[in-house]
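K.L.:
What follows is a structure written as structure tokens; I'll ask about it next.
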Amino acid sequence: MHRSRNPEWIINALTRLRGVSDRRSGLLKCHFRRIFPDLDETSVNGLLRQYWHRHNRHTVDLYHLERFEPDLLQKTVDWCGREHLDNAMKAEKGVLLLVPHFGDERSMHILMGMAGYPVEVISSRYLGDGEIPRRARLAVGERWNTLHFPDENPRWMYRALSKNHILHYSPTAYGGPTGIWLEMFGVPDLVPATPWKLFSRTRCRVIFGSCFVLPGMRFRIEFEPMELPGDQAGFTETVMRRVERCGLEHPGQYDWKNLVIRHRESNTINRTGTIPHREEVLERLAVPRDEDPGSIADLGELMTLREV
């Protein structure tokens, strides 16, 4: 394929640049040494390169899919466990598709929309970006999916399930004051209670989804049915242990930036004693030491906090 039509060279160039210059690399390496103590320094650096390659691929995929058409799906996407999703749709109770920050979760719902699935998903409005990149980020999703935004009334989720649509939801999002504390990758993490609320109130079908990025601008999309306990704590623990297994088994595909952010947020919450509704408030309250990988808040103390 001609270089101008193959964005892989752009991804490789960005990976070489950002892996050296980005401040986040040092934080990531500290977390990698803690989570994967058996890795030598060469392997840690290799995992860092894989992270940046996935991160940059995630960005380039957005623009790549703008020019993508459904007739290319067969050559571009490997579907695994698709029968589980189709069977869940046949139950006509709606499908809660739990998709962690892994591989390219954003391309996943776009590709599913191209394949004809009715997917509804929450999206940032990207108000901090310029108008051109903002429209580029939203346009391809608006073409193939129904987009919703954080400031919308969450009733849209129940309406989506009542229409037997697929609700694409990230269990690795910020949990807020009603969230659930647990440990992820050795640090406290405040995860959303929304998946449990949706399941307990609607008895929708729950599918675990992941989108692997493959060489040659290809993808592998996997669907897995979940056997879930009937209580909130057990439900959430089961989901998040499955997410954690994604990272441990496929560390080059996991979005470790999410871990860095959640770790920083737990330290900010611990230091300030408050759990804001809006994640942007936590970001403004953060100080540099909150990111220190060696500083890990006590999970038990965090579980006693509420919004003030």
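The values are calculated or read from the model by the stated rules, or taken from the named source; none is laboratory data. Please read these numbers as outputs of a predicted model, since none were measured by experiment. Backbone-built Cβ (ideal geometry, glycine too); neighbour counts: all protein chains shown.
K.L.:
For the stretch 212-227, does any single residue satisfy the condition of being part of a helix (DSSP H, G or I), free of Cβ contacts under 8 Å to residues at least 24 places away in the same chain and more than 16 Å from MET108 (Cα to Cα)? Give the derivation first.
P.N.:
If we filter the stretch 212-227 for residues that are part of a helix (DSSP H, G or I), which is where we start, we get none.
No, the stretch 212-227 has no match at all.
K.L.:
For the stretch 265-284, give me the residue count where each residue is under 26 Å from PRO154 (Cα atoms) and of a type outside the set (D, E, K, R).
P.N.:
8
K.L.:
If I go through the stretch 194-249 residue by residue, how many of them are under 27 Å from LYS163 (Cα atoms), of a type in the set (Gly, Ala, Ser) and surrounded by 19 or more Cβ atoms within 10 Å (Cβ to Cβ)?
P.N.:
Within the stretch 194-249, residues that are under 27 Å from LYS163 (Cα atoms), of a type in the set (Gly, Ala, Ser) and surrounded by 19 or more Cβ atoms within 10 Å (Cβ to Cβ) number 2.
K.L.:
Restricting the search to the stretch 255-298, which residues are part of a loop (DSSP other than H, G, I, E, B) and among the hydroxyl-bearing types (Ser, Thr, Tyr)?
P.N.:
Residues satisfying the conditions are THR274, SER295.
K.L.:
Something else: Can you work out which of the residues in the stretch 55-81 that are in contact with a strand residue (DSSP E or B) (Cβ under 6 Å, 6 or more places away or on another chain) and assigned to a helix (DSSP H, G or I) is farthest from LEU28 (Cα to Cα)?
P.N.:
THR76
K.L.:
When you look at ASP71, is it out of contact with any Phe, Trp or Tyr (no Cβ under 8 Å at 6 or more places or on another chain), at pLDDT below 95 and closer than 20 Å to SER170 by Cα, yes or no?
P.N.:
The answer is no for ASP71.
K.L.:
Here is a follow-up. Take THR268 and decide whether it is free of Cβ contacts under 8 Å to residues at least 40 places away in the same chain, of a type in the set (Val, Ile, Thr) and buried (at least 21 other Cβ atoms within 10 Å of the Cβ).
P.N.:
yes
Each row is one residue, and each column tells you yes or no for (1) under 30 Å from PRO293 (Cβ atoms); (2) free of Cβ contacts under 8 Å to residues at least 12 places away in the same chain.
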position	(1), (2)
LEU28	yes, no
ASP38	yes, yes
ASN45	yes, no
ASP61	yes, no
HIS64	no, no
LEU72	no, yes
ARG82	no, no
LYS90	no, yes
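K.L.:
List the pairs whose first member sits in the stretch 139-166 and is under 22 Å from TRP196 (Cβ atoms) and without any contact (Cβ under 8 Å) to a residue 60 or more places away in the chain, whose second member is of a type in the set (D, E, K, R) and surrounded by 17 or more Cβ atoms within 10 Å (Cβ to Cβ), and whose Cβ atoms are under 9 Å apart, counting only residues at least 6 apart or on separate chains?
P.N.:
Matching pairs, first to second residue: HIS148/GLU120; TRP156/GLU120; MET157/GLU120; ARG159/GLU120.
K.L.:
Follow-up question, since we're still on this one. Return the total of residues in the stretch 215-227 being out of contact with any Ser or Thr (no Cβ under 9 Å at 6 or more places or on another chain) and either farther than 18 Å from PRO100 by Cβ or among the β-branched types (Val, Ile, Thr) (or both).
P.N.:
1
K.L.:
Continuing with the same structure: For the subset of the stretch 230-254 comprising residues that are at pLDDT 95 or above and not in a helix (DSSP H, G or I), which member is farthest from VAL206 (Cα to Cα)?
P.N.:
GLY252
K.L.:
Please go through the stretch 82-95 and give me each residue that is of a type in the set (A, V, I, L, M, F, W, C) and not in a strand (DSSP E or B), ordered by number. Before the answer, list the steps.
P.N.:
Here is the first cut: in the stretch 82-95, the residues of a type in the set (A, V, I, L, M, F, W, C) are 85, 88-89, 91, 95.
Residues satisfying the conditions are LEU85, ALA88, MET89, ALA91.
K.L.:
Can you go through ASN153, ASN145 and tell me which one is surrounded by 15 or more Cβ atoms within 10 Å (Cβ to Cβ), over 30 Å from CYS30 (Cα atoms) and of a type in the set (S, T, N, Q)?
P.N.:
After applying the criteria, what remains is ASN145.
K.L.:
Return the residues of the stretch 44-96 that are polar (S, T, N, Q) and exposed (fewer than 13 other Cβ atoms within 10 Å of the Cβ); say none if nothing qualifies.
P.N.:
Hit for the stretch 44-96 is GLN74, nothing else.
K.L.:
With the condition kept exactly as written, say whether any residue in the stretch 188-198 is out of contact with any Gly (no Cβ under 7 Å at 6 or more places or on another chain) and either at positive phi or assigned to a loop (DSSP other than H, G, I, E, B) (or both).
P.N.:
Within the stretch 188-198, not a single residue is out of contact with any Gly (no Cβ under 7 Å at 6 or more places or on another chain) and either at positive phi or assigned to a loop (DSSP other than H, G, I, E, B) (or both).
K.L.:
For the stretch 96-146, give me each residue that is outside any strand (DSSP E or B), under 15 Å from the mean Cα position of the chain (by Cα) and of a type in the set (A, V, I, L, M, F, W, C).
P.N.:
VAL99, MET108, ILE110
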